[in-house]
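As structure tokens, the structure follows; a few thoughts come after it.
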Amino acid sequence: MAEQVPPSVIEELDRTSPDLETWWDSSPLIFAPWVDEVVGQAPPADQETLKVQLNRLYDAANPTDSLFVGCTTNPPLSWQAIQKDRPRWDAWVKAEHKTHPEMNQAQLFWHTYLAVVAAGAAAFQPVWKKSGHKLGYVSGQVDPRILTDMDTMIEQGVALNSQFRNVMIKMPGTAQGIAGIEELTARGIPTNATLTFALSQLTAVAESVKRGLKRARADGVDLSMWRSVVTMMLGRLEDHPVFAEQCKAAGIDLTVEKKRLSGIAVFKKAVHLFKERGYESKMLAASMRPGPTVDGREKVWHLEHLAGANVVLTVFPNVFEALLAGYDAGELQPHIDDPVPQAVIDELLKTEYFRQAYEEDGLEPAEWISYPPVVATGNQFADATNEMEAYVGDMMNA
């Protein structure tokens, strides 16, 4: 049956380039419930075909035959994984509290967070091993409440990676976080930069990795279990209110089309520079959004315009749903080399917000931590972390 079912548009996107990687932007623990939900919403006549297609994306029983070759998580997504399986995690936290009564709330929270990350890493271990440690990575983020404490972030990164070597450490795009990426790289630990929006951050991460690799090779460090990806959070850059406010003040009609093209323009520029400079890091597109609507159908320009690229696409469940609904078979073609209209770029450069993202000298390292989408996303991640820690406290007292 599976062989007879045609490829979904998600599979067609993945095939637009042999170097394109499709990752799941959530915990693998919620994949099966998502499939059931999407299939249940489809017309009865389409359900069996859709179920086969979605299960080809990630088959927990046979992960090496799946389309997904990696996974990204963050504190909100880890918290979501717990919330979607409360009986399991309620019992787990209570049992661990009895086993480790010496742990305080903060310590048991971190112990729990490590377990959530480890569960995802275990799911992708077969892919990681079969690929010779090139694929099958799961991102685990250091505590987003300590964006400037490099030593503690490095310590947490080492701890996250030590339990499963296919855990890729998510470090923030602050001056201290990017410096920490150099140190982790020098130790042969894979990294994923997050809270990164501006070209100055993206290239700084790649340069930090370059320095770390030079140190690692000089010291004879084993790099066989190392990788580097540099995330750009597209939708979070485009949708920040400051961007809309500055466009309004400049007399710019910030349509959905222009929003999506703004992030795509920064991302494509980074991809070009990474290739031109020979960086060993790979760009990763994240925080993608549906839109705009074209000829009555909602498209996903974040995926459509990056088709055919040598990049990683880590995709939210709802964006996969939009992709399935917005495109017909054979419609997606490579567009990574298509330029963003210069007229759009020139118009958006009238705003300081876009100029800071698009120009490589748009932000100084000390300014990264105060760039509006860094502040907003960092606060959201910190809030989710606080909620998860409070949950652990509730279970300790239950």
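The values are calculated or read from the model by the stated rules, or taken from the named source; none is laboratory data. The structure displayed is predicted, hence computed values, not measured ones. Using ideal geometry, Cβ is built from the backbone for each residue, glycine included, and neighbour counts are taken over all protein chains shown.
Could you list, in sequence order, all residues of region 226-249 that are more than 12 Å from Ala193 (Cβ to Cβ) and polar (S, T, N, Q)?
The answer is Gln246, and nothing else.
Counting only residues that are more than 30 Å from Gln380 (Cα to Cα), give me the helices (runs of 4 or more DSSP H) lying completely in region 18-102 with at least 2 of them. Spell out the reasoning first.
Numbers: elements: 31-41, 44-57, 75-83, 86-99.
Passing ranges, in order: 31-41, 44-57, 86-99.
Take region 142-169 and flag every residue that is under 16 Å from Pro190 (Cα atoms), outside any helix (DSSP H, G or I) and at pLDDT 95 or above. Step through it out loud before you land on a result.
Step one: list which residues in region 142-169 are under 16 Å from Pro190 (Cα atoms), which gives 142, 153-169.
Narrowing the set further to residues that are outside any helix (DSSP H, G or I) leaves 142, 164-169.
If the condition is that a residue be under 16 Å from Pro190 (Cα atoms), outside any helix (DSSP H, G or I) and at pLDDT 95 or above, then Val142, Arg165, Asn166, Val167, Met168, Ile169 are the ones that fit.
For region 105-113, does any single residue satisfy the condition of being under 18 Å from the mean Cα position of the chain (by Cα) and either surrounded by 23 or more Cβ atoms within 10 Å (Cβ to Cβ) or in contact (Cβ under 8 Å) with a residue 40 or more places away in the chain (or both)? Can you show your working first?
Our first condition is that a residue be under 18 Å from the mean Cα position of the chain (by Cα); within region 105-113, this holds for 113.
So of that shortlist, the ones also either surrounded by 23 or more Cβ atoms within 10 Å (Cβ to Cβ) or in contact (Cβ under 8 Å) with a residue 40 or more places away in the chain (or both) come out as 113.
Checked region 105-113: at least one residue is under 18 Å from the mean Cα position of the chain (by Cα) and either surrounded by 23 or more Cβ atoms within 10 Å (Cβ to Cβ) or in contact (Cβ under 8 Å) with a residue 40 or more places away in the chain (or both).
Under 7 Å between Cβ atoms, at least 6 apart or on separate chains: pull out the pairs that start in region 368-395 with a residue that is of a type in the set (Phe, Trp, Tyr) and end on any residue that is modelled with pLDDT of 95 or more and part of a helix (DSSP H, G or I).
Taking only residues 6 or more apart or on different chains, the pairs are Trp368/Ala175; Trp368/Gln201; Trp368/Val374; Tyr371/Gln356.
Of all residues in region 1-15, count the ones that are surrounded by fewer than 19 Cβ atoms within 10 Å (Cβ to Cβ), of a type outside the set (Asp, Glu) and modelled with pLDDT of 90 or more.
Looking only at that region, the number is 4.
How many of the residues making up region 172-195 are crowded, with 23+ Cβ neighbours inside 10 Å, touching a Leu at 6+ places or on another chain (Cβ under 7 Å) and either more than 21 Å from Met232 (Cβ to Cβ) or without any contact (Cβ under 8 Å) to a residue 40 or more places away in the chain (or both)?
Going through region 172-195 one residue at a time, the tally reaches 2.
Assuming Asn166 fulfils every condition listed in (1) touching a residue at least 40 places away in the same chain (Cβ under 8 Å); (2) within 20 Å of Pro75 (Cα to Cα); (3) surrounded by fewer than 22 Cβ atoms within 10 Å (Cβ to Cβ); (4) not hydroxyl-bearing (Ser, Thr, Tyr) apart from one, which condition is it?
With respect to (1) touching a residue at least 40 places away in the same chain (Cβ under 8 Å); (2) within 20 Å of Pro75 (Cα to Cα); (3) surrounded by fewer than 22 Cβ atoms within 10 Å (Cβ to Cβ); (4) not hydroxyl-bearing (Ser, Thr, Tyr), Asn166 is out only on (3).
Do we have Arg277 as out of contact with any Pro (no Cβ under 7 Å at 6 or more places or on another chain), over 28 Å from Pro341 (Cβ atoms) and surrounded by fewer than 15 Cβ atoms within 10 Å (Cβ to Cβ) here? Spell out the reasoning first.
Working: out of contact with any Pro (no Cβ under 7 Å at 6 or more places or on another chain): yes; over 28 Å from Pro341 (Cβ atoms): no; surrounded by fewer than 15 Cβ atoms within 10 Å (Cβ to Cβ): yes.
The answer is no for Arg277.
Output yes when any residue across region 223-239 is surrounded by fewer than 20 Cβ atoms within 10 Å (Cβ to Cβ), touching a helix residue (DSSP H, G or I) at 6+ places or on another chain (Cβ under 9 Å) and under 30 Å from Pro126 (Cβ atoms), and no when none is.
The answer is yes, given that some residue of region 223-239 is surrounded by fewer than 20 Cβ atoms within 10 Å (Cβ to Cβ), touching a helix residue (DSSP H, G or I) at 6+ places or on another chain (Cβ under 9 Å) and under 30 Å from Pro126 (Cβ atoms).
Which of the residues that make up region 141-163 are surrounded by fewer than 22 Cβ atoms within 10 Å (Cβ to Cβ), touching a Leu at 6+ places or on another chain (Cβ under 9 Å) and hydrophobic (A, V, I, L, M, F, W, C)?
Taking region 141-163 as the starting set, the residues that turn out to be surrounded by fewer than 22 Cβ atoms within 10 Å (Cβ to Cβ) are 143, 145-146, 148-152, 155, 158-159, 162-163.
Then drop every residue that is not touching a Leu at 6+ places or on another chain (Cβ under 9 Å), which leaves 158-159, 163.
Of everything in region 141-163, those that are surrounded by fewer than 22 Cβ atoms within 10 Å (Cβ to Cβ), touching a Leu at 6+ places or on another chain (Cβ under 9 Å) and hydrophobic (A, V, I, L, M, F, W, C) turn out to be Val158, Ala159.
When you scan region 279-303, how many residues do you find that are assigned to a helix (DSSP H, G or I) and closer than 13 Å to Phe197 by Cα?
Within region 279-303, the first condition is being assigned to a helix (DSSP H, G or I), and the residues that meet it are 301-303.
Checking the rest, the ones that are also closer than 13 Å to Phe197 by Cα come to none.
Of the residues in region 279-303, 0 are assigned to a helix (DSSP H, G or I) and closer than 13 Å to Phe197 by Cα.
Exactly one condition in (1) in contact (Cβ under 8 Å) with a residue 60 or more places away in the chain; (2) acidic (Asp, Glu); (3) part of a helix (DSSP H, G or I) is false for Glu276; which is it?
Of the numbered conditions (1) in contact (Cβ under 8 Å) with a residue 60 or more places away in the chain; (2) acidic (Asp, Glu); (3) part of a helix (DSSP H, G or I), the odd one out for Glu276 is (1).
Can you name every residue in region 8-17 that is in contact (Cβ under 8 Å) with a residue 60 or more places away in the chain and either assigned to a loop (DSSP other than H, G, I, E, B) or closer than 20 Å to Val167 by Cα (or both)?
Pass one, region 8-17, residues in contact (Cβ under 8 Å) with a residue 60 or more places away in the chain: 8-10, 12-13, 16-17.
Hits for region 8-17 are Ser8, Thr16, Ser17.
Counting only residues that are among the β-branched types (Val, Ile, Thr) and under 20 Å from Ala384 (Cα atoms), which one in region 146-193 is nearest to the chain's Cα centre (by Cα)? Let's see the steps before the verdict.
Residues of region 146-193 among the β-branched types (Val, Ile, Thr): 146, 148, 152, 154, 158, 167, 169, 174, 178, 181, 185, 189, 191.
Now drop any that are not under 20 Å from Ala384 (Cα atoms), which leaves 146, 148, 152, 169, 174.
Numbers: Ile146: 19, Thr148: 21, Thr152: 22, Ile169: 12, Thr174: 17 Å.
Across region 146-193, the extreme among qualifying residues is Ile169.
Taking Leu20, is it out of contact with any Gly (no Cβ under 8 Å at 6 or more places or on another chain) and crowded, with 19+ Cβ neighbours inside 10 Å?
Working: out of contact with any Gly (no Cβ under 8 Å at 6 or more places or on another chain): no; crowded, with 19+ Cβ neighbours inside 10 Å: yes.
No, not satisfied.
For region 305-358, give me every one of the helices (runs of 4 or more DSSP H) that falls completely inside it and has 1 or more residues that are touching a strand residue (DSSP E or B) at 6+ places or on another chain (Cβ under 9 Å). It would help to see each step written out before you state the result.
Details: elements: 317-326, 342-348, 352-358.
The qualifying helices (runs of 4 or more DSSP H) are 317-326.
With the structure loaded, tell me whether Lys94 is closer than 25 Å to Glu11 by Cβ, surrounded by fewer than 21 Cβ atoms within 10 Å (Cβ to Cβ) and more than 24 Å from the chain's Cα centre (by Cα) or whether it fails that test. It would help to see each step written out before you state the result.
Values: closer than 25 Å to Glu11 by Cβ: no; surrounded by fewer than 21 Cβ atoms within 10 Å (Cβ to Cβ): yes; more than 24 Å from the chain's Cα centre (by Cα): yes.
In short, no.
So Ala244 clears everything in (1) among the aliphatic types (A, V, I, L, M); (2) part of a loop (DSSP other than H, G, I, E, B); (3) free of Cβ contacts under 8 Å to residues at least 40 places away in the same chain except one condition, right? Which one?
(2)
What are the residues in region 260-294 that are of a type outside the set (A, V, I, L, M, F, W, C) and over 20 Å from Gln201 (Cα atoms), if any? Don't jump to the end; show me each part of the working.
So the first thing to find is which residues in region 260-294 are of a type outside the set (A, V, I, L, M, F, W, C), and the list is 260, 262-263, 268-269, 272, 275-282, 287, 289-293.
Of everything in region 260-294, those that are of a type outside the set (A, V, I, L, M, F, W, C) and over 20 Å from Gln201 (Cα atoms) turn out to be Arg289, Pro290, Gly291, Pro292, Thr293.
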